[in-house]
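K.L.:
First the structure, which I've put down as structure tokens, then a few questions once you've had a look.
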Amino acid sequence: MGKTSVTVSQEELLRQQEYSQRIHQYYQEKLGRAPVACTDTYGCQQNESDSEILRGMMAQMGFTFTHEPEEADLVLFNTCAVREHAEMRVYGNVGALVHQKRRNPDLIVAVCGCMAQQERVAEKIKKSFPVVDLLFGTHVLYKFPQLLWRRLEGGKRVFDISGDASGVILEGVEPNRDRSVKAWLPIMYGCDNFCSYCIVPYVRGRERSREPEQIIGEFRSLLAAGARDITLLGQNVNSYGKNTRAGWDFADLLDRLCQEEGEFLIRFMTSHPKDASEKLFQVMAKNPKAAKHLHLPFQSGSSRVLREMNRSYNREQYLELIDLARKYMPDVTLSSDVIVGFPNETQEEFEETLSLIEKVRFDNLFTFIYSKREGTVAAKIDDKVRMEEKKRRFQQLLEVQNRIANEQNALLLGQTMTVLVDGLGQDEEYPLTARTQGQKLLRLKGAGEGRIGQFVRAKVTKHTTWSLFGEIQD
């Protein structure tokens, strides 16, 4: 067991709450009404969860919320640094607020999150985007009220990307969630893996796990609020527990949460193959409340490329892990992440990726063309493969996976399964939406919002590549 995770102190929490009260009073005196905030979140589910925490802080400041930036007194961009495309979208959307800022000079524009944590990004925004009033990184998220107050009180722009990479854990702030039957529950933060292509450890900091009692308490609160499909979150969720006082591993935590009373389903992501254990598969198999779904990124089917990626496993070990999971859960559904075009990947190595996909037969893949991230080891590699070739391979991979996904869905025709009705869709014939244990979208015939939040038995009657269609069996 390593160094115990550091939790933001009660004194610091109280200090931040005092700043929230000042902000509340400031806006009441200035506007004579509750201020309005709009959050725009990019990237992973962990960012979505962070935005819920930030909205919780803003609720303490007296803010109400809108999805329309033009209605807001504060627009906050919670950013992602994993891919260049996400950065470009942020720059474009931040820049688009110039005209609104001219019409309303009191508008506060804030940028935070993984992208903001990078020094080069902070400098670029400082020089090229004067519309931004406030920028802060992931390490000082808990100081958001203090930083916003500095901007409101002093009138000058505030930029803060300080903080220790070992990171802290913030407890005691009530997240502002959408009260859906689905919910995110972070159990750990940061990453210690340092995959050669990945910027996450540099912007999220080192691994740190929440104590079990905090997680169990929040889990119970989610159930009491009506959540029935809860996803445990972490950059590397199944390495949970290395720095807790309790000494639990992820399998222990999952097993304990499954013992809570009520009807619910637990999912988790994202897992690293090196930490996915036989013990975890055993716990998943024995607990009906643990979804029989595994998101296990393999990234490449080539052992040489995996070595260059610093993934800590090879092709054979990954396939053995899949066999082990299926030994305990023959009906487990599998999804994964894969990168096409890692620097100097050969055609033969790409074909190894295709053959792994054919062998495993994933139900779903999240597919990416390699995106160079400044500051990572892979960014220094002289890549001799042209982008045109990478795009060709990417398209070929999509064609293979789309075929497999369609075939996998066809296997479910005629089956009856228990699913959670989680919302309303746009299909008039199949207006209700649900997710199978394997995270497949299932559109259902039926009427009325009264079904939302209920577990029902549903029969699959047809399919497409990306969706299932069915009828509730009352």
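The values are calculated or read from the model by the stated rules, or taken from the named source; none is laboratory data. Computed from a predicted structure; not experimentally measured. All Cβ positions, even for glycine, are placed from backbone atoms using ideal geometry, and neighbour counts span all protein chains on display. Heavy atoms of the whole protein, side chains included, go into the accessibility calculation; ligands, DNA and RNA do not. Shrake-Rupley method; radii C 1.70, N 1.55, O 1.52, S 1.80 Å.
K.L.:
Among Val90, Val98, which is of a type in the set (A, V, I, L, M, F, W, C) and closer than 23 Å to Phe366 by Cβ?
P.N.:
Step by step, each of Val90, Val98 is checked, and only Val90 is of a type in the set (A, V, I, L, M, F, W, C) and closer than 23 Å to Phe366 by Cβ.
K.L.:
May I ask you to list the residues in the range 178-203 that are touching a strand residue (DSSP E or B) at 6+ places or on another chain (Cβ under 6 Å) and open to solvent by 50 Å² or more (accessible area, probe 1.4 Å)?
P.N.:
Of everything in the range 178-203, those that are touching a strand residue (DSSP E or B) at 6+ places or on another chain (Cβ under 6 Å) and open to solvent by 50 Å² or more (accessible area, probe 1.4 Å) turn out to be Lys182, Trp184.
K.L.:
Could I ask something else about it? Tell me which of these Tyr202 doesn't satisfy, since it passes every other one: (1) in contact with a Gly (Cβ under 7 Å, 6 or more places away or on another chain); (2) closer than 24 Å to Tyr313 by Cα; (3) in a loop (DSSP other than H, G, I, E, B).
P.N.:
Unmet for Tyr202, out of (1) in contact with a Gly (Cβ under 7 Å, 6 or more places away or on another chain); (2) closer than 24 Å to Tyr313 by Cα; (3) in a loop (DSSP other than H, G, I, E, B): (3).
K.L.:
Looking only at residues in the range 355-368 that are crowded, with 18+ Cβ neighbours inside 10 Å and not aromatic (Phe, Trp, Tyr), which one is farthest from Glu407 (Cα to Cα)?
P.N.:
Leu356
K.L.:
Does Arg228 meet the test of being modelled with pLDDT of 95 or more, of a type in the set (D, E, K, R) and under 19 Å from Asn78 (Cβ atoms)?
P.N.:
For Arg228, the condition - modelled with pLDDT of 95 or more, of a type in the set (D, E, K, R) and under 19 Å from Asn78 (Cβ atoms) - is not met.
K.L.:
Quick check on Glu320: is it more than 19 Å from Asn193 (Cα to Cα), surrounded by fewer than 16 Cβ atoms within 10 Å (Cβ to Cβ) and touching a residue at least 12 places away in the same chain (Cβ under 8 Å)?
P.N.:
no
K.L.:
Another one. Can Leu280 be described as open to solvent by less than 10 Å² (accessible area, probe 1.4 Å), of a type outside the set (Asp, Glu) and more than 20 Å from Glu320 (Cα to Cα)?
P.N.:
No: the conditions fail for Leu280.
K.L.:
Which condition number does Arg33 fail, the rest of (1) modelled with pLDDT under 95; (2) in a loop (DSSP other than H, G, I, E, B); (3) charged (D, E, K, R) being met?
P.N.:
Unmet for Arg33, out of (1) modelled with pLDDT under 95; (2) in a loop (DSSP other than H, G, I, E, B); (3) charged (D, E, K, R): (1).
K.L.:
Residues of the range 352-378 being in contact with a Ser or Thr (Cβ under 9 Å, 6 or more places away or on another chain) and either under 25 Å from Asp323 (Cα atoms) or not hydroxyl-bearing (Ser, Thr, Tyr) (or both), which ones?
P.N.:
Glu352, Thr353, Leu356, Ile357, Val360, Phe362, Asp363, Asn364, Leu365, Phe366, Val377, Ala378
K.L.:
Within the bounds of the range 52-59, is there any residue that is over 19 Å from Ala122 (Cα atoms) and free of Cβ contacts under 8 Å to residues at least 60 places away in the same chain?
P.N.:
No - not one qualifying residue is present in the range 52-59.
Conditions (1) among the small types (Gly, Ala, Ser); (2) touching a residue at least 12 places away in the same chain (Cβ under 8 Å); (3) within 26 Å of Lys440 (Cβ to Cβ); (4) in contact with a Phe, Trp or Tyr (Cβ under 7 Å, 6 or more places away or on another chain), marked per residue:
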{"residue": "Ser271", "(1), (2), (3), (4)": "yes, yes, yes, no"}
{"residue": "Val283", "(1), (2), (3), (4)": "no, yes, yes, no"}
{"residue": "Leu294", "(1), (2), (3), (4)": "no, yes, yes, no"}
{"residue": "Leu324", "(1), (2), (3), (4)": "no, yes, yes, yes"}
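K.L.:
What pairs come out if I take residues in the range 164-177 that are surrounded by fewer than 15 Cβ atoms within 10 Å (Cβ to Cβ) and pair them with residues that are part of a strand (DSSP E or B) whose C-beta lies under 7 Å away, six or more apart or interchain?
P.N.:
Note: no pairs meet the criteria.
K.L.:
Can you spot a residue in the range 402-414 that is open to solvent by 70 Å² or more (accessible area, probe 1.4 Å), in contact with a strand residue (DSSP E or B) (Cβ under 6 Å, 6 or more places away or on another chain) and not β-branched (Val, Ile, Thr)?
P.N.:
yes
K.L.:
Any idea which of Ala122, Ala116 is open to solvent by less than 20 Å² (accessible area, probe 1.4 Å) and either among the acidic types (Asp, Glu) or outside any loop (DSSP other than H, G, I, E, B) (or both)?
P.N.:
Result: Ala122 is the single residue among Ala122, Ala116 that is open to solvent by less than 20 Å² (accessible area, probe 1.4 Å) and either among the acidic types (Asp, Glu) or outside any loop (DSSP other than H, G, I, E, B) (or both).
K.L.:
State whether one or more residues within the range 330-345 are assigned to a helix (DSSP H, G or I) and open to solvent by 20 Å² or more (accessible area, probe 1.4 Å).
P.N.:
no
K.L.:
Let me ask you something else. Here is a check on your reading of the model: is Val111 surrounded by 21 or more Cβ atoms within 10 Å (Cβ to Cβ), β-branched (Val, Ile, Thr) and touching a residue at least 24 places away in the same chain (Cβ under 8 Å)?
P.N.:
For Val111, the condition - surrounded by 21 or more Cβ atoms within 10 Å (Cβ to Cβ), β-branched (Val, Ile, Thr) and touching a residue at least 24 places away in the same chain (Cβ under 8 Å) - is met.
K.L.:
While we're here: Suppose we filter the range 212-221 for residues that are of a type outside the set (Asp, Glu) and surrounded by fewer than 19 Cβ atoms within 10 Å (Cβ to Cβ); how many remain?
P.N.:
Total meeting the criteria: 5.
K.L.:
Here's something else I'd like to know. Give me a count of the residues in the range 294-316 that are within 27 Å of Gln454 (Cα to Cα) and either of a type in the set (D, E, K, R) or in contact with a helix residue (DSSP H, G or I) (Cβ under 9 Å, 6 or more places away or on another chain) (or both).
P.N.:
1
K.L.:
With (1) loosely packed, with under 13 Cβ neighbours inside 10 Å; (2) touching a helix residue (DSSP H, G or I) at 6+ places or on another chain (Cβ under 6 Å) as the list, and Ser371 as the residue in question, which single condition is left unmet?
P.N.:
Here Ser371 clears every test but (1).
K.L.:
Ok, one more. Can Gln235 be described as open to solvent by 10 Å² or more (accessible area, probe 1.4 Å) and closer than 27 Å to Asn314 by Cα?
P.N.:
Judged against the criteria, Gln235 is a match.
K.L.:
Working carefully through the options Thr270, Thr346, Thr367, find the one that is among the β-branched types (Val, Ile, Thr) and more than 30 Å from Thr418 (Cα to Cα).
P.N.:
None of the others qualify; the one that does is Thr346.
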